[in-house]
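Peer 1: Can you read through this structure? Questions will come right after.
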Amino acid sequence: MTQTRLKEKADKPYSYGPYNRFNDEEQWIRITEGCPHNCPYCREPTEFKVFEIPELVRNKVKIMDMNILAKPEALNIIKDLGSRKANGKVIHYEFICGIDYRFLTKEIAIALKEARVEKLRIAWDWWYKDQFKIREALKLLFKAGYIPEAITIFMICNWKIPYSENCLKTDLCKVWGVKVADCYFDNQISPNIIPIHWKENQIKDFRKRCRKHNQLIRFKYDPQI
């Protein structure tokens with residue numbers, strides 16, 4: 001598959017650089033930039049940048065970094081985050097863009113758990129054949145103390161990875177007991193998804209599959225029955 005990077009669209013600006021915003025309940029930060037993979041559907045630059053961690057003023061912090069684990073400083077950053085407090089209390093973190101299984105190690109998995117990184121996500125945007133690498137990453141996280149229900153697998157949809165391939169990946173997620181998040185190419189959001197590489201009925205069916213899958217993972221039975 002030819003990897004041709006998407007050009008920036010004027011109507012969908014991409015955010016770069018450090019980021020720090022908060023409201024009465026949560027804080028959103030970005031402390032690194034760059035990803036080495038140069039995926040064709042992504043606008044993240046390949047150049048690595050590491051920014052200073054801002055003052056953390058909320059006990060729920062959402063980290064917006066696209067691929068923090070790719071940086072050589074990742075382990076030290078995670079440990080630093082885990083040692084911080086806000087208002088005299090520990091901080092709970094969430095990686096909005098997930099983690100890259102290709103850079104996950106035993107030490108990093110343990111550090112993530114000790115730093116209270118919750119709602120952990122892993123991106124599985126490519127092929128079904130990568131299942132063994134995904135499984136090894138899950139094993140590291142399980143050994144670090146994460147339970148399957150706390151982990152979600154991202155999958156890009158409506159792109160060049162076929163609908164049938166994503167269905168196979170979802171079937172494996174059932175075996176592993178982890179949730180699935182269907183993320184749509186070109187930042188499209190349901191219910192206003194325009195078919196690009198998938199057909200409309202495939203998009204609707206896969207969304208239905210994901211909802212049902214996550215209900216079964218969360219409740220251990222079909223709540224509609």
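Peer 1: Taking +1 at the Cβ of each Lys and Arg and -1 at the Cβ of each Asp and Glu, which of L56, Q188, P148 sits farthest along the dipole of the chain towards its positive end, judged by Cα position relative to the Cα centre?
Peer 2: Looking along the dipole axis, the top candidate is P148.
Peer 1: For the chain, what is the calculated [θ] at 222 nm in deg cm²/dmol (nearest 500), taking -39500 (n - 2.57) for each run of four or more DSSP H residues and dividing by its residue count?
Peer 2: After summing the helix terms and dividing by residue count, I get -9500 deg cm²/dmol.
Peer 1: List the residues, sorted by chain then number, that are 5 or more residues from R84 or on another chain and whose placed amide H is less than 5 Å from its amide H.
Peer 2: When sequence neighbours closer than 5 places are left aside, there are no close amide H contacts.
Peer 1: With the contact rule set at Cα under 8 Å and sequence spacing of 6 or more, what percent relative contact order holds for region 115-154?
Peer 2: 72 percent
Peer 1: Then there's this: Relative contact order, percent, of the chain when contacts are C-alpha pairs under 8 Å separated by at least 6 residues?
Peer 2: Once normalised by length, the contact order is 12 percent.
Peer 1: If R0 is 30 Å, what FRET efficiency do you get for D186 and R102 from their C-beta distance, rounded to 0.05?
Peer 2: 0.80
Peer 1: Distance from the Cα centre of region 148-188 to that of region 29-108, in angstrom?
Peer 2: Spelled out, the Cα-based centre of one part sits 22 Å from the other.
Peer 1: Cysteines without a disulfide-compatible partner in the chain, using Cβ under 4.7 Å as the rule?
Peer 2: That list is C35, C97, C157, C167, C173, C183, C210.
Peer 1: Which of E33, E136, E165, E52 comes first, and how do the rest follow, when ranked by fewest Cβ neighbours within 10 Å?
Peer 2: Ascending number of Cβ neighbours within 10 Å: E52, E136, E165, E33.
Peer 1: Please list 3J(HN,Hα) in residue order for region 134-140, calculated via the Karplus relation 6.51 cos²θ - 1.76 cosθ + 1.60 where θ = phi - 60°; whole Hz, with x for glycine and proline.
Peer 2: Using θ = phi - 60°, the values come out as 4, 4, 5, 5, 4, 4, 4 Hz.
Peer 1: If you don't mind, there's one more thing I want to ask. Given charges of +1 on the Cβ of Lys and Arg and -1 on the Cβ of Asp and Glu, with all other atoms neutral, how large is the dipole of region 62-129 about its Cα centre, in debye to the nearest 20?
Peer 2: The calculation lands at about 200 debye.
Peer 1: Charges only on Cβ, +1 for Lys and Arg, -1 for Asp and Glu: so what's the dipole of region 19-219 about the Cα centre, in debye to the nearest 20?
Peer 2: So the magnitude is around 700 debye.
Where a number appears in this text, it was derived from the coordinates with a stated rule and is not lab data. Since the model is a prediction, treat every value here as computed from it, not as a measurement. Virtual Cβ from ideal backbone geometry, glycine too; neighbours counted across all protein chains shown.
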